[in-house]
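Undergrad: Quick one: this structure, given as structure tokens, is what I'll be asking you about.
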Amino acid sequence: MSDEQTPAPSPEPGGQQPGGPASAGAGSDGQGRGGPEPAEIRFFGTTWVHHDGGYGLRRAGVAVGSLALAAAGALVLRFAFQGLEIAAVGPFVGILVVAGFAICSALAFRRTWDGFVRRPDQAGRGAADTSSQGLMMIGFIGSLLAYFCRSLVEAPGEKLHRAEYAAARERHERRRGARTGNPAAKKPRPKKRR
């Protein structure tokens with residue numbers, strides 16, 4: 001394995017969250033010094049750091065794509081509702097289906113939006129993710145609409161990633177400033193004569 005193909009080290013204990021900035025390699029701030037690197041965001045990579053590399057086009061693409069997928073999903077749900085009307089299941093079942101999809105979409109929107117703003121609690125994450133997978137699948141339109149709304153303002157999750165990246169850079173600078181120098185460069189002390 002060459003130096004370029006070596007895997008990135010795992011995060012330090014008590015350090016960054018999953019998806020947070022890595023602590024190895026040259027910094028992406030163009031200074032070429034070691035330090036934290038920004039985490040990649042889906043569809044954006046690391047273009048969110050300096051808003052370069054087609055960042056604006058990517059945001060527009062995510063907005064249009066998520067809105068188009070939400071519209072297509074609503075059309076599919078409309079066909080499903082028409083199937084219920086053809087089956088003549090009654091108005092009560094129709095109201096339950098519409099209310100169920102509306103509630104699941106609202107909950108999926110909220111959960112997706114919260115994921116852009118803060119990291120979930122690691123302790124209760126496993127059980128909550130397992131129990132809400134069905135809810136997120138039913139409310140996929142709400143999740144897509146959250147992507148659409150967030151991409152009008154920034155890359156979805158950019159604010160969270162930027163805060164984590166700034167905190168990692170600050171920790172790195174403090175650690176660098178706390179060092180007293182290169183111990184290998186220190187001159188050995190002369191031995192005392194007896």
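Undergrad: Calculate, in nm to one decimal, what residue 68 and residue 175 gain on full extension: separation in residues at 0.36 nm each, minus their alpha carbon distance.
TA: 33.8 nm
Undergrad: Using the 2.2 N^0.38 Å rule of thumb for compact globular proteins, work out how segment 52-154 stacks up: its C-alpha Rg over that value, please.
TA: Scaled against compact globular proteins, the figure is 1.28.
Undergrad: Something else now. Apply 1/(1 + (r/R0)^6) to the Cβ-Cβ distance of residue 86 and residue 152, taking R0 = 41 Å, and write down the FRET efficiency to the nearest 0.05.
TA: Efficiency, rounded to the nearest 0.05: 0.60.
Undergrad: Can you give the extra length, in nm with one decimal, that the chain gains between residue 51 and residue 163 once fully stretched, where that is 0.36 nm per residue apart less the Cα-Cα distance?
TA: Here the segment from residue 51 to residue 163 would lengthen by 38.8 nm.
Just so you know, all these numbers are worked out from the coordinates, no wet-lab data involved. Treat the numbers as computed from the prediction; the structure is a model and nothing was measured. Here the Cβ is made from the backbone with ideal geometry for all residues, glycine too, and neighbour counts use every protein chain on show.
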